[in-house]
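All remarks here apply to the structure that follows.
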Amino acid sequence: MRGPAWPIAALLVGYPVWWALGFGGLSVVVLAVPMAWILWKRRPIKLPKGFGLWMLLLAGYLISAVMLDEMPPGTYGDLGAGRVVGYLMRLSLYAALLIMVLYLGNLTEKELPQLRLVRMLGVLFVTTVAGGLLGVLMPTLQFTSPVERLLPGWISGNSFVQNLIHPTAAQTQKVLGYAMPRPEAPFEWANAWGSNLSVLLVWFVVGWWVYGGRRRRGAAIAMCALASVPVVYSLNRGLWIGLGLAVVYLIVRVSRTRLALVAAASIGAAVFMLSPLASLVGQRLDNPHSNDIRGFTVSRTIQAAAHSPVIGYGNTRNALGNHRSITTGKTPWCPDCSHPPLGSDGQLWHLLITQGFTGAALYVAFFLGAVRRHWTDRSPIGLAGVLVMLLVLLYMFVYDGLVTPLSLYLISFALLWRNQAHD
């Protein structure tokens, strides 16, 4: 795309290239540079309502850096390069996302039509489905990216950085009690794939079904049918709940097509129950062992955050023991004693440990405010945007927002802002 909207097209349509190069979710940081330059030349810059809360969230994260060397009770580890690198990467992402939202909101409808932006998100949905199918069919596919080759080992070896720069098709976990690949391409984690797919599906339906002709609608039906395969193989209960919430939301709020939605949902459920995929869902529901892990990390996160409730600790921490053992972590004689870092089981818990209860409250207030302001917007983009804001508030309990999910959340916020401005 020519004109000032090219960084957004490069981000969304060109995302598979970024992923293969090793930038992936970090691509927004790269593209924030030209966005900031173009914004600077277009002063004065318009700000959306409620954006002061996001500015305070970013300011709070800056302040939290003073706690990077502190250790709350019940945790272990020393201040090292990994903790500092993780903090700086998250800070750069927060700053880049702020620039991206302002950039989108300051582009005119002529420079970037709303429908074109929605359909760019739809293209990324197709990419996500393709990546999910790749994870199902070729789960062991992975490769060393150019970025990974160029970075020094002390940076590329960091687990957080490694997930961002090392492309993999699937994440193998013992969710069902045995090793099972969960699709994650072209994103950083299997849970990020699930969160992103549900958000992108919302915009795909708007761009290809609501504003689509006969051919686009036919393609939308086929693509959604294909998406059901990696959706089930993802073993992602949060994604399944989110899709259920989306269906209920549409049935309640879109009265003109309520009967059609109920009929379509019923037919889809019946077809699914008769398919081989239903047994896999049943196995996942019968194996909720991850609940114990989540329960342990969440409770320890809240306990740790209580010792620095205002500014948090700047980054995640490792807890002593896990839900099965008091052992510090993974050892040769106890390979199952490892555990996720505190704050890694959902954006709400991540904010509690990194920015305290203040940061968590600002995050919730920002997205709740968006729901409140745009609830009366009953246009297709308004209804879709509010639905995404509700999904954000649901997913914060189970999914990390960083890296790519938060980009899509804030693009959806920008669509709501632009929709209101263009009415």
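The values are calculated or read from the model by the stated rules, or taken from the named source; none is laboratory data. Please read these numbers as outputs of a predicted model, since none were measured by experiment. Heads up, the Cβs are rebuilt from the backbone with ideal geometry, glycines too, and the neighbour counts pull from every protein chain shown. With ligands, DNA and RNA removed, areas are computed over all heavy atoms of the protein, side chains included. Shrake-Rupley method; radii C 1.70, N 1.55, O 1.52, S 1.80 Å.
Under the combined filter of DSSP loop state and at most 11 neighbouring Cβ atoms within 10 Å, the stretch 64-122 retains these trypsin sites (Lys or Arg not before Pro): Lys110.
The peptide list 127-136, 2-11, put in order of mean Cβ contacts within 10 Å with the highest first, becomes 127-136, 2-11.
Rolling a 1.4 Å probe over the protein heavy atoms of the stretch 1-137, with every protein chain left in place, gives an accessible area that is 71 percent carbon and sulfur. In this simple spin-label model, placing a label point 7 Å from the Cα along the Cα-to-Cβ direction at both Ala306 and Val248 gives a separation of 3.1 nm.
Loop-resident GluC sites (Glu not before Pro) (DSSP state other than H, G, I, E or B) in the stretch 91-159 with no more than 14 further Cβ atoms inside 10 Å of their Cβ: Glu109, Glu111. In the context of the full set of protein chains, the stretch 41-115 has a per residue accessible area of 48 Å² (1.4 Å probe).
Among 364-372, 44-52, 228-236, sorting by the average number of other beta carbon atoms lying within 10 angstrom of each residue, highest first, gives 228-236, 364-372, 44-52. Residue separation of Arg378 and Gln162 scaled by 0.36 nm, minus their Cα-Cα distance, works out to 73.6 nm of gained length.
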